[in-house]
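Below: the structure, in structure tokens.
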Amino acid sequence: MFLKHLHLINFKNIELAQLELCEGINCFIGSNGAGKTNMLDAIYYMSFCKSFFNPIDSQNIRHEHDFFVIQGTYNLNDEKEHVYCGLKKGVKKQFKRNKKEYDKLSNHIGLLPLVMISPQDERLIVEGSEQRRKYIDSVISQYDRAYLEHLINYNRVISQRNVYLKNLKALNKAAHDMLDVWDFQILELGKKISKARALFLDELKPVFLEMYNFISGEKEVVEFAYKSHLNDDDFEVALRESRERDMILGYSTKGVHKDDVDFRIGGYPIKKMGSQGQKKTFLIALKLGQFKFLAEHKNRKPLLLLDDIFDKLDTQRGDRLIELVGGDFFNQIFITDTQLNRIKPVLRKINKESRIFMVEDGEFKQQ
Amino acid sequence: MNSESYPSQILESAVKEFSQLPGVGKKTALRLVLFLLKQEKNDVLRFADSLRRLREEIVYCKSCYNISDAELCDICASPKRDHETVCVVENIKDVMAIENTQQYFGIYHVLGGVISPMDGIGPDDLMLKPLIEKVEEGKIKELIFALPTTMEGDTTNFYLYRKFGDIEVKITTLARGVSIGDELEYTDEVTLGRSLVNRLPFEKTL
């Protein structure tokens, strides 16, 4: 699968762009604020029906204009697929595949798998567990619809239980009877969610390690571990015993909504002990692992978007990364960078077709 | 339009009342009020009277909490119905839907809602008492749960199931699966997956 042609109007700072892309590596080169990342975001948009950076659609329209259009022509199993996304202020977003509008945007997500590696990924390490759960959930939901359904139901159970706890005056028999029901649902839905998360992380781990070791030159030992209340032996007892505390706090303290993944380097939390470059390597390996995972589950190689990838990496790591993504396992790649001299020698080393676009003030010119 | 611009206070208060209805805003309310003003006086008074009677005279069946004109609703009062089978539903609209199938000959029990603290409905707000009494007295052979297929419906199912768990009564629930006339490719994965897991022996579908 690859993106052949891209046509943008009024998307962020890009007034008009028409790009003919190659199946190998496409580079967007320009200074800060030129519009490189916005182009990646447009490509991301066509896969996920939303922006990677800004969830408020109308704020992705170019200033002082009232609509944007993104159109892409893909080659999917040698068939042409045309994707259209149009947004006009105050009107519902239009999303079409081969001129036919979707009833539900969720039906589109997953058709054009894509993995984006961006400096924003740092949040996965430095911020709270919610970011890591969100990440895991978004990957699993891309290939397992039932998972998404369980997750939505689980979150509703927690919300209902929380409201009930907040209004509860005494933990009497009637209250226990009611909480028994929600706890049963927390347990049953939680088991399914936890199982899917553990399975995903188990499958991801060997690929992640392979990628990390390759990029770092096997310099450090890294690992991650899934942490869930559900894995505790006496989860059911703990859930029951937490009722009093939950009532005082007004929310539910036990369950898979508190799951986390522990990222470690040399046995210590990477958040505290990792250098900037090590953190970046960790995140890149995680995302490339996700790429391989999606490729196998979807039987289709995702598009790979690399935003500002060389920043913070030393030359050896940067070189090995390029060697890696230049291999056969990856198909179409988009890279942004600020320096032409850095990217040119890199491209020479790879046995893949490449194209360079110079970006200035939202204008794209093929070199 | 702000409230000062109404030429009459009576008009304004009528608009205010109408705009409290679900889905009706100030503009629609004004349109409805002006429409009523144009109608024959007797028609409008009849309309008002039917509203008054609706509120004053309609009662809830003491046996099943269905809306009724008498103490017992037509269904509960009918000797032709099977009084040992009870279909538990959320509201009267569900009763009407199941009656329209012409496939059900038991009686109903209307809960008046499903457990959802977010909407201000706790377990004590459900109309359960007469049902529990009937089941405990051994008058019921089968309870059919026909609640919404939402998470809140499931929670309520579980809650009732546990309440009746120790009593000898058969508890069933509506089958969930592919709709008649649906193409498989357009069926959502969750429903289709469930239909596969709970597939039926072919003889039963004949």
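The values are calculated or read from the model by the stated rules, or taken from the named source; none is laboratory data. None of these values were measured; they are calculated from a predicted model. Backbone-built Cβ (ideal geometry, glycine too); neighbour counts: all protein chains shown. All accessible areas refer to the heavy atoms of the entire protein, side chains included, with ligands and DNA or RNA removed. Shrake-Rupley method; radii C 1.70, N 1.55, O 1.52, S 1.80 Å.
Do any strands (runs of 3 or more DSSP E) lying entirely in the range A:282-367 carry at least 3 residues that are more than 25 Å from A:Pro113 (Cα to Cα) and not aromatic (Phe, Trp, Tyr), and which ones are they? Full working, then the answer.
Values: elements: A:303-306, A:333-337, A:354-360, A:363-366.
Of the strands (runs of 3 or more DSSP E) lying wholly inside the range A:282-367, those with at least 3 residues that are more than 25 Å from A:Pro113 (Cα to Cα) and not aromatic (Phe, Trp, Tyr) span A:354-360, A:363-366.
Please verify whether the range A:226-241 includes one or more residues that are at the interface with chain B (Cβ under 10 Å from one of its Cβ atoms) and within 15 Å of A:Asp137 (Cβ to Cβ).
Looking for residues that are at the interface with chain B (Cβ under 10 Å from one of its Cβ atoms) and within 15 Å of A:Asp137 (Cβ to Cβ), one finds none in the range A:226-241, hence no.
Checking B:Arg55 against (1) without any contact (Cβ under 8 Å) to a residue 12 or more places away in the chain; (2) within 14 Å of another protein chain (Cβ to nearest Cβ), only one condition comes out false. Which one?
(2)
Would you be able to tell me the number of residues in the range A:66-79 that are in contact (Cβ under 8 Å) with a residue 12 or more places away in the chain and either surrounded by fewer than 18 Cβ atoms within 10 Å (Cβ to Cβ) or not in a strand (DSSP E or B) (or both)?
From the range A:66-79, those in contact (Cβ under 8 Å) with a residue 12 or more places away in the chain are A:66-77; that's our starting set.
This time we only want the ones that are either surrounded by fewer than 18 Cβ atoms within 10 Å (Cβ to Cβ) or not in a strand (DSSP E or B) (or both), so: A:66-67, A:69, A:73, A:75-77.
The qualifying residues number 7.
Just for the range B:95-109: of the residues that are open to solvent by 10 Å² or more (accessible area, probe 1.4 Å) and under 10 Å from the mean Cα position of the chain (by Cα), which one is nearest to the other protein chains (Cβ to nearest Cβ)?
Among those that are open to solvent by 10 Å² or more (accessible area, probe 1.4 Å) and under 10 Å from the mean Cα position of the chain (by Cα), it is B:Ala97.
Which of the strands (runs of 3 or more DSSP E) contained wholly in the range B:86-182 include at least 3 residues that are touching a residue at least 24 places away in the same chain (Cβ under 8 Å) and either among the hydroxyl-bearing types (Ser, Thr, Tyr) or under 16 Å from B:Ile75 (Cα atoms) (or both)? Even if it seems obvious, please write down each step before you answer.
On the way: elements: B:106-110, B:142-145, B:170-173.
Passing ranges, in order: B:106-110.
Sort through A:Leu105, A:Leu112 and tell me the only one that's touching a Ser or Thr at 6+ places or on another chain (Cβ under 8 Å) and either touching a residue at least 12 places away in the same chain (Cβ under 8 Å) or of a type in the set (A, V, I, L, M, F, W, C) (or both).
On the way: A:Leu105 fails: touching a Ser or Thr at 6+ places or on another chain (Cβ under 8 Å).
After ruling out the rest, the residue left standing is A:Leu112.
Give B:Leu196, B:Leu160 a once-over and let me know the one that is within 14 Å of chain A (Cβ to nearest Cβ) and in contact with a helix residue (DSSP H, G or I) (Cβ under 9 Å, 6 or more places away or on another chain). If you could, list the steps in order and put the result at the bottom.
Numbers: B:Leu196 fails: in contact with a helix residue (DSSP H, G or I) (Cβ under 9 Å, 6 or more places away or on another chain).
Sole residue among the options that is within 14 Å of chain A (Cβ to nearest Cβ) and in contact with a helix residue (DSSP H, G or I) (Cβ under 9 Å, 6 or more places away or on another chain): B:Leu160.
Residues to consider are A:Gly266, A:Gly255; find the one that is within 30 Å of A:Leu321 (Cα to Cα) and more than 22 Å from the chain's Cα centre (by Cα). Walk me through how you get there before you give the answer.
Details: A:Gly255 fails: within 30 Å of A:Leu321 (Cα to Cα).
Exactly one residue qualifies, and that residue is A:Gly266.
For the list (1) surrounded by fewer than 21 Cβ atoms within 10 Å (Cβ to Cβ); (2) at negative phi, I need the number of the one condition that B:Gly113 fails.
So B:Gly113 meets the others, but not (2).
When you look at B:Glu168, is it more than 14 Å from chain A (Cβ to nearest Cβ) and of a type outside the set (Val, Ile, Thr), yes or no? Break it down stepwise before answering.
Details: more than 14 Å from chain A (Cβ to nearest Cβ): yes; of a type outside the set (Val, Ile, Thr): yes.
Criteria met by B:Glu168.
Would it be correct to say that A:Leu19 is among the aliphatic types (A, V, I, L, M) and part of a strand (DSSP E or B)?
In short, yes.
So, A:Asp177, is that one more than 14 Å from chain B (Cβ to nearest Cβ), modelled with pLDDT under 95 and exposed (fewer than 15 other Cβ atoms within 10 Å of the Cβ) or not?
Working: more than 14 Å from chain B (Cβ to nearest Cβ): no; modelled with pLDDT under 95: yes; exposed (fewer than 15 other Cβ atoms within 10 Å of the Cβ): yes.
Spelling it out, it is not the case that A:Asp177 is more than 14 Å from chain B (Cβ to nearest Cβ), modelled with pLDDT under 95 and exposed (fewer than 15 other Cβ atoms within 10 Å of the Cβ).
So which residues in the range A:201-237 are open to solvent by less than 40 Å² (accessible area, probe 1.4 Å) and of a type in the set (Ser, Thr, Tyr)?
A:Tyr212, A:Ser216, A:Ser228, listed by residue number.
Could you tell me how many of the residues in the range A:139-174 are at the interface with chain B (Cβ under 9 Å from one of its Cβ atoms), without any contact (Cβ under 8 Å) to a residue 60 or more places away in the chain, closer than 23 Å to A:Glu244 by Cβ and surrounded by fewer than 19 Cβ atoms within 10 Å (Cβ to Cβ)?
4
From the set of residues in the range B:130-167 that are within 21 Å of B:Lys93 (Cα to Cα) and of a type in the set (D, E, K, R), which is nearest to the chain's Cα centre (by Cα)? Before you say what the answer is, go through the steps one by one.
Taking the range B:130-167 first, the residues within 21 Å of B:Lys93 (Cα to Cα) are B:130-131, B:143-157, B:160.
When the remaining residues are screened for being of a type in the set (D, E, K, R), the result is B:152, B:154.
Values: B:Glu152: 14, B:Asp154: 16 Å.
Within the range B:130-167, the match that is nearest to the chain's Cα centre (by Cα) is B:Glu152.
Which of (1) within 11 Å of chain B (Cβ to nearest Cβ); (2) farther than 24 Å from A:Ser228 by Cα does A:Gln185 not meet, given it meets every other one?
(2)
When you scan the range A:188-203, how many residues do you find that are without any contact (Cβ under 8 Å) to a residue 40 or more places away in the chain, of a type in the set (D, E, K, R) and away from chain B (no Cβ under 12 Å)?
Of the residues in the range A:188-203, 3 are without any contact (Cβ under 8 Å) to a residue 40 or more places away in the chain, of a type in the set (D, E, K, R) and away from chain B (no Cβ under 12 Å).
Regarding the range B:58-80, can at least one residue be identified that is among the acidic types (Asp, Glu) and in contact (Cβ under 8 Å) with a residue 12 or more places away in the chain? Let's see the steps before the verdict.
If we filter the range B:58-80 for residues that are among the acidic types (Asp, Glu), which is where we start, we get B:69, B:71, B:74.
Adding the requirement that they be in contact (Cβ under 8 Å) with a residue 12 or more places away in the chain leaves B:69, B:71.
Taking every residue of the range B:58-80 in turn, at least one turns out to be among the acidic types (Asp, Glu) and in contact (Cβ under 8 Å) with a residue 12 or more places away in the chain.
Return the pair list, or none, for Cβ contacts closer than 6 Å from residues in the range A:218-244 that are over 30 Å from A:Gln278 (Cβ atoms) to residues that are part of a loop (DSSP other than H, G, I, E, B) and among the β-branched types (Val, Ile, Thr), at least 6 apart or on different chains.
From the range A:218-244, the pairs are A:Ser242/A:Thr253.
Just wondering, is there one or more residues in the range A:114-129 that are open to solvent by 20 Å² or more (accessible area, probe 1.4 Å), under 22 Å from B:Glu152 (Cβ atoms) and more than 14 Å from every other protein chain (Cβ to nearest Cβ)? Spell out the reasoning first.
Restricting attention to the range A:114-129, the residues satisfying the condition of being open to solvent by 20 Å² or more (accessible area, probe 1.4 Å) are A:119-120, A:122-123, A:126-129.
Now restrict to residues that are under 22 Å from B:Glu152 (Cβ atoms): none.
No: the range A:114-129 contains no residue that is open to solvent by 20 Å² or more (accessible area, probe 1.4 Å), under 22 Å from B:Glu152 (Cβ atoms) and more than 14 Å from every other protein chain (Cβ to nearest Cβ).
A:Tyr251 is checked against (1) farther than 23 Å from A:Lys287 by Cα; (2) in a helix (DSSP H, G or I); (3) aromatic (Phe, Trp, Tyr) and fails just one. What number does that condition carry?
Result: A:Tyr251 passes all but (2).
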